[in-house]
Amino acid sequence: MGQLIGVGSLVDWVEVGKLAGRLAVDLVFAALVIQVVYLRVHGRRDHAFTCYLFNVVTLCLCVLLRKGPAELGFALTLFGVFGILRYRTEQIRSRDLTYLFILIGLGIINGVASREVSVAELFLANAVIAGFTAGLELGRRGHAEQSMPLCYDRLDLLHPGHEASLLADLRSRTGLAIVRVETERIDCLRDAAEIIIHFRRAPVA
């Protein structure tokens, strides 16, 4: 069967076990970044789905490419990483793109680690990345803040100097304790804007 599709033996249980171990380590730290940090702070489950898949695909790509010539594997890995970063059909916020880069980085680290890398080094690298992400995000915003995309029709309140009126209008219309707003895109034809609202979980008093 392996010869028919140009690969090795049908089952190599040792290599299958190694791949499963790498996937387990990778998914543990990927879940920490996505579930504990990203979803808690940003709450965008559609991007969490993308992050998980990019992470797993990147790891599998790196593990399989390690078995080929080093130069070819390295070149194809770099091509895949930068191709993934450009693979999008809509504008992605820089912070969401940063999370994608973090998850791709974890996949590469856990996929290309060789015998020269000890288990302690591998776990330390993963822990540093996940820990810094959690510390910077949760330490700056706390556990209670979330974000949500919104289509907004009051362009006049997006002008500089109208921040207080903008927050008051959004709080009264959404019932959320909004603390800040980011403008993503303005559509002058529809007199509307795509914004990101950041709010506390507790409702406005």
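Is it true that some residue in the stretch 180-187 is touching a helix residue (DSSP H, G or I) at 6+ places or on another chain (Cβ under 6 Å), more than 19 Å from TYR38 (Cα to Cα) and open to solvent by less than 60 Å² (accessible area, probe 1.4 Å)? No, the stretch 180-187 contains no residue that is touching a helix residue (DSSP H, G or I) at 6+ places or on another chain (Cβ under 6 Å), more than 19 Å from TYR38 (Cα to Cα) and open to solvent by less than 60 Å² (accessible area, probe 1.4 Å).
So which of THR58, THR89, THR77 ends up being among the polar types (S, T, N, Q), modelled with pLDDT under 75 and surrounded by 18 or more Cβ atoms within 10 Å (Cβ to Cβ)?
On the way: THR58 fails: modelled with pLDDT under 75; THR89 fails: surrounded by 18 or more Cβ atoms within 10 Å (Cβ to Cβ).
After applying the criteria, what remains is THR77.
Picking from residues in the stretch 20-48 that are in a helix (DSSP H, G or I) and among the charged types (D, E, K, R), the one that is surrounded by the fewest Cβ atoms within 10 Å (Cβ to Cβ) is ASP46.
Would you check if ALA168 is within 23 Å of ILE196 (Cβ to Cβ), part of a helix (DSSP H, G or I) and open to solvent by 50 Å² or more (accessible area, probe 1.4 Å)? Yes; evaluated as a whole, the condition is true for this residue. Applying the condition of being in a helix (DSSP H, G or I) and over 17 Å from ALA31 (Cβ atoms) to the stretch 136-151 and asking which residue is modelled with the highest pLDDT yields LEU136.
Residues that are surrounded by 14 or more Cβ atoms within 10 Å (Cβ to Cβ), at pLDDT 85 or above and among the hydrophobic types (A, V, I, L, M, F, W, C) were ranked within the stretch 109-122; the one that is farthest from ARG44 (Cα to Cα) is LEU122.
The values are calculated or read from the model by the stated rules, or taken from the named source; none is laboratory data. Owing to the predicted nature of the structure, the values given are computational and were not obtained by experimental measurement. All Cβ positions, glycine included, derive from the backbone under ideal geometry; neighbour counts span all protein chains shown. Ligands, DNA and RNA are stripped out before the accessible areas are found, and what is left, the full protein with its side chains, is counted by its heavy atoms. Shrake-Rupley method; radii C 1.70, N 1.55, O 1.52, S 1.80 Å.
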